[in-house]
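Data block below; observations after.
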Amino acid sequence: MEKISNDIFDIEYTNKDESYIESVIKKFFNQVPDIMNFFNISKFNNKIKIKFWNNLDEYSSYFNEKLKKYGKKVEDWEVARTIYNPSEIHLLSFSERVKCKGHKNDEIGSISNLLTHEFVHICHFKYNNHHSSMLWFSEGLACYLSNQYNTLSLSCSLDTIMNDEFTSYINYYTLMSYLVENYDKSYILELA
């Protein structure tokens, strides 16, 4: 395992990531201050661990074991996961990510946005004092602040959203885009 560290992060990666890690981390580090500023966070009590997994089966086995007590399993499309206590971001190396359902045509540049997306979850969790949030809001905020999408589409029912049932991330992004365009930051932070 190779490591990159600074005041906020300890990042672990392998030789599978060497060709792109520098550009991914540079883009991510450029986004970090804006995300922290959005949530009015000046520092974290402990470093955030970021781990790139270079084996899909090991990643799935590790989290399936953790999820077993909740009766859940890693979805076949999952490429990253956030743990809140302690703060950790786990994501698949690019070569493993493209093996997952729906990610065959992903580009390396999308890793920075995914990393930012997961970091938004950590900041949101810190901001709201470790309380859970409705799925649509939490994912919408992460999708919006990480610039993961550039189109709007809403293809779910209000019941799906209000019952906290999973739908597509583009739906969450679309809902958050509406909030950001029609309400000020203080209102969004109040919802957070």
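Within the set of other residues whose C-beta is less than 13 Å from the C-beta of residue 102, count the net charge using Lys and Arg as +1 and Asp and Glu as -1.
Taking every Cβ under 13 Å from that of residue 102, the sum is 0.
With a sphere of radius 14 Å drawn around the Cβ of residue 117, what net charge do the other residues whose Cβ falls strictly inside it have (Lys, Arg +1; Asp, Glu -1)?
Once all neighbours under 14 Å are counted, the net charge is -2.
Filter the cross-link list 73/99; 3/47; 51/101; 26/104; 16/68 down to pairs whose alpha-carbon distance in this structure exceeds 19 Å.
Going by Cα-Cα distance, 51/101; 26/104; 16/68 fall outside the 19 Å limit.
Run the helix sum for the chain: -39,500 (n - 2.57) per DSSP H stretch of 4+ residues, divided by residue count, reported at 222 nm to the nearest 500 deg cm²/dmol.
-14000 deg cm²/dmol, from helical runs alone.
Which stretch or stretches of segment 40-71 have amide N atoms under 16 Å from the point lying 7 Å from residue 189's Cα along the Cα→Cβ direction?
Of the residues in segment 40-71, 40-43 have backbone N under 16 Å from the label point off residue 189.
Find the centroid of the Cα atoms in segment 38-63 and in segment 135-154, then give the distance between the two in whole Å.
Between the Cα centre of segment 38-63 and that of segment 135-154, the gap is 20 Å.
With the other protein chains left in place, how much accessible area per residue, in square angstrom, belongs to the chain at a 1.4 angstrom probe?
Counting only protein heavy atoms, the per-residue value for the chain is 57 Å².
Tell me, Kirkwood radius of segment 1-88 from alpha-carbon pair distances, in Å?
14.8 Å
Out of the total accessible area of segment 1-145 (probe 1.4 Å, heavy atoms of protein only), what percent is carbon and sulfur?
Carbon and sulfur atoms account for 45 percent of the accessible area of segment 1-145.
If r is the Cβ-Cβ distance from residue 75 to residue 6 and R0 is 30 Å, what FRET efficiency results, to the nearest 0.05? Write out the running numbers ahead of the final one.
Numbers: r = 31 Å, r/R0 = 1.05.
Once the sixth-power term is evaluated, E becomes 0.45.
Sort 1, 176, 134 by accessible area with a 1.4 Å probe, largest first.
Highest to lowest solvent-accessible surface, that is 1, 134, 176.
Cα convex hull of the chain: mean projected area in nm², to one decimal?
One quarter of the hull surface, i.e. the mean projection, equals 11.1 nm².
Want the number for residue 135 to residue 165: 0.36 nm per residue separation, take away the alpha-carbon distance, what's left?
10.0 nm
When we measure straight from the Cα of residue 66, which aspartates and glutamates land under 13 angstrom away, once same-chain ones fewer than 8 places off are left out?
Answer for residue 66, where 13 Å is the Cα cut-off: 58, listed by chain and number.
The values are calculated or read from the model by the stated rules, or taken from the named source; none is laboratory data. Computed from a predicted model, the values in this text were never measured in an experiment. Please note: Cβ atoms are built from the backbone with ideal geometry, for glycine as well, and neighbour counts cover all protein chains shown. Only protein heavy atoms, including side chains, enter the accessible area calculation; ligands, DNA and RNA are left aside. Shrake-Rupley method; radii C 1.70, N 1.55, O 1.52, S 1.80 Å.
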